[in-house]
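The next block holds one structure in the form of structure tokens; read it before the comments.
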Amino acid sequence: MEALFSNLGLGFTVALSLQNLFYCFMGVVLGTLIGVLPGIGPVATIAMLLPVTFTLNPTSALIMLAGIYYGAQYGGSTTSILINLPGESSSVVTCLDGYQMARQGRAGPALGIAAIGSFFAGCVSTVIIALFAPPLAEVALKFGPAEYFSLMVLGLIAATVLAHGSLIKAIAMVILGLLLGLVGTDVNSGVARFSFGVSELSDGIGFVSVAMGVFGFAEIINNLEQKEQREVFTKKVTGLLPTWQDIRDSAPSILRGTALGSFLGILPGGGALLASFAAYTLEKKVSKNSANFGKGAIQGVAAPESANNAGAQTSFIPLLTLGIPSNPVMALMIGAMMIQGIAPGPQVMTERPQLFWGMIASMWIGNLMLVILNLPLIGMWIKLLTVPYRMLYPAILLFCGVGVYSLSNSPFDVMQTAAFGVVGYIWVKLECEPAPLILGFILGPLMEENLRRAMLLSRGDATVFFQRPISLTMLLIAAFLLLIVVAPVVRKKREEAFVEA
Amino acid sequence: MGKLIRHQVFMILAIGFICVAIFPLVFIYCTSLLIQSAVSKQTAAKIDKFWDTIGKPYDYLIKAIE
């Protein structure tokens with residue numbers, strides 16, 4: 001416990017430095033901004049900002065990117081409640097009761113309880129990270145290449161099983177991601193693979209190009225198709241502070257949402273989206289007045305908003321301790337770490353304690369900044385909703401183009417990003433989620449590296465993966481997950497979990 | 001302008017107070033809900049009344065700020 005407090009002390013010293021405070025603030029402001037604006041999510045924003053982080057020090061860069069992610073969870077609720085349009089995918093369920101509350105003239109308490117619930121969940125999940133990440137990292141330090149390989153297999157399968165949408169398409173996208181990760185020079189033999197004589201591909205396909213293309217450009221192209229309909233329901237929001245009755249009604253929902261969100265955030269494939277859907281479904285089931293859900297029940301706002309924030313933050317646990325991304329945002333964070341020359345994994349905590357604990361401490365500070373940003377300054381965000389897309393999107397595209405070019409001053413990267421943008425748009429049209437692709441793309445080279453290392457150590461004996469108990473357990477869980485998800489009953493339930501909410 | 005700034009300052013103070021108070025409140029209130037479900041109806045009503053009494057000053061404060 002003493003070590004925990006001294007580590008947290010170190011974290012606050014790092015997070016409270018003027019520079020890191022500034023980047024934390026920038027992150028949460030940007031996060032709220034993109035959360036408020038429908039059509040642009042945290043994945044796209046983080047993908048677009050990856051080139052910018054190149055020039056920052058690693059701690060500031062990761063503090064800012066983390067701020068964007070959890071800031072977007074706060075901001076997403078504003079549009080859900082006021083215009084019935086989720087600014088962020090994890091705020092979809094908030095629309096159901098939040099907008100109804102706004103229609104009843106209770107937009108203020110809805111926004112208030114969303115912010116307070118998010119703050120509570122954010123702080124509790126930060127405590128969970130601080131408590132559970134160090135012991136988990138210690139366990140992870142004992143992992144060998146075989147365990148890492150099996151863990152990544154489990155991570156990819158769990159991400160596919162828990163992903164939203166068609167299972168077959170998710171598996172196809174994971175495999176495509178793994179294949180894209182193969183492009184480039186083989187580390188062991190030095191032979192160029194699938195580069196087709198293009199010298200720019202000998203280093204592999206750029207992570208920033210793929211991420212920015214399929215998440216940024218494709219999302220913008222797709223949004224241009226949608227008709228712009230943004231009528232702000234409540235122009236002047238009053239009564240932001242919830243009444244005592246509102247707090248009493250929401251307290252159990254906030255607690256349940258936080259607990260469920262914190263748990264689901266840690267699971268591979270989990271995170272904010274799954275957490276908010278599951279929390280809403282749970283709340284509807286345990287409520288004595290489930291008939292009120294969808295008609296403006298404050299619990300229907302409190303639970304998913306707490307859960308999505310808790311899930312967003314605890315999804316940092318697998319990233320910081322095992323170096324395994326549990327969702328696409330975490331995959332981008334790994335990309336950002338790699339750009340900075342940091343090998344993600346348990347050694348981050350021991351080798352770079354200022355980064356690890358600085359980021360945890362910044363989450364507390366960021367959460368406090370977010371409550372202030374999202375409640376008293378709500379009017380500013382509402383005004384922002386009136387900015388037309390026709391002005392917003394060209395500016396974002398220009399910013400992205402400059403960002404990609406500045407990475408290595410190469411026009412090839414810009415073309416590559418544009419190509420992935422077009423391909424990403426086709427995937428959107430085919431209803432193929434790009435999230436599993438980016439997980440496969442990030443984990444592919446890491447999996448290959450660990451597979452080859454394990455095979456070298458075992459002198460080509462593939463049974464090494466089944467001989468080591470931890471590795472075997474993880475492979476068995478992965479096989480079990482695959483088996484149960486193809487069972488018709490489970491498959492139906494999986495689809496229902498997203499539809500019901 | 002002065003009134004607006006005063007309102008914003010009060011608002012931030014109130015939010016700060018809620019943010020600090022929300023942690024013990026959520027845990028204690030949820031525990032009391034559990035207790036209420038286990039005790040007699042009369043005792044449960046008494047606990048309910050206790051929470052109502054606690055909330056009155058809060059509601060007055062919120063009204064004053066808004």
Three-way shape call for region A:94-182 based on the alpha-carbon gyration tensor, with the a/c threshold at 1.5:
oblate
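Counting only other chains, what is the mean number of Cβ atoms within 10 angstrom of the Cβ of each residue in peptide B:7-19?
Working: counts 1, 3, 1, 1, 6, 5, 0, 4, 12, 3, 1, 10, 9.
Taking the mean over all residues of the peptide, I get 4.
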Within region A:176-201: backbone nitrogen closer than 18 Å to the A:R452 label point (7 Å, Cα to C-beta):
A:178-196, A:201
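Relative to the present Cα-Cα distance, how much length would full extension add between A:V191 and A:N292 at 0.36 nm per residue of separation?
Numbers: separation 101, 0.36 × 101 = 36.36 nm, distance 6.32 nm.
Contour length minus the Cα-Cα distance gives 30.0 nm.
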Helix B:41-65 against the longest principal axis of chain B: what's the angle in degrees, Cα atoms only, rounded to the nearest 10?
0 degrees
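What number, in nm² with one decimal, is the all-direction average of the projected area of the convex hull of the alpha-carbon atoms of the protein assembly as shown?
Numbers: hull surface 110.4 nm².
Over all viewing directions, the protein assembly as shown projects a mean Cα-hull area of 27.6 nm².
For a test of the definition: using alpha carbon positions, the gyration tensor, and the 1.5 limit on a/c, classify region A:254-394 as rounded, prolate or oblate.
Values: a/c = 2.07, a/b = 1.35, b/c = 1.54.
Oblate, because a/c is 1.5 or more while a/b does not exceed b/c.
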Note the angle between two axes, namely the Cα long axis of helix B:2-38 and the longest principal axis of the Cα atoms of chain B, as a number of degrees from 0 to 90, rounded to the nearest 10.
10 degrees
Using a Förster distance of 60 Å, the FRET efficiency for A:S406-A:A3 (Cβ separation, nearest 0.05)
0.90
Taking amide H positions as placed 1.01 Å from N in the peptide plane, with prolines and chain starts having none, which residues 5 or more places from A:R193, or on another chain, fall under 5 Å of its amide H?
A:G184, A:T185, A:D186
Highest-first arrangement of B:39-46, A:65-72, A:449-456, A:420-427, where packing means the average Cβ count within 10 Å
A:65-72, A:420-427, A:449-456, B:39-46
For chain B, using Cα atoms only, the Rg and Dmax in Å read 16.1, 54
Across peptide B:46-56, how many C-beta atoms of other chains are within 10 Å of each residue C-beta, on average?
1
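Taking a threshold of 29 Å on the Cα-Cα distance, which of the pairs A:K285/A:K383; B:K41/B:K63; A:K284/B:K49; A:K169/A:K288 fall above it? Intermediate results must be reported in sequence, preceding the final value.
Details: A:K285/A:K383 37 Å; B:K41/B:K63 32 Å; A:K284/B:K49 26 Å; A:K169/A:K288 38 Å.
Distance filter (> 29 Å) returns A:K285/A:K383; B:K41/B:K63; A:K169/A:K288.
Let me have the 222 nm mean residue ellipticity of the protein assembly as shown computed from DSSP H runs of 4+ only, each contributing -39500 (n - 2.57), with the sum over all residues rounded to the nearest 500.
Mean residue ellipticity at 222 nm (helix-derived): -25500 deg cm²/dmol.
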Can you pull the one-decimal nm distance between simple spin-label points at B:Q42 and A:N57, each 7 Å off the Cα toward Cβ?
6.7 nm
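Quick note: the coordinates plus some simple rules give every number you see, no bench work behind them. It should be emphasised that the depicted structure is a prediction, and the values quoted were computed from it without experimental measurement. Note that we place each Cβ from the backbone using ideal geometry, even for glycine, and neighbour counts take in every protein chain shown.
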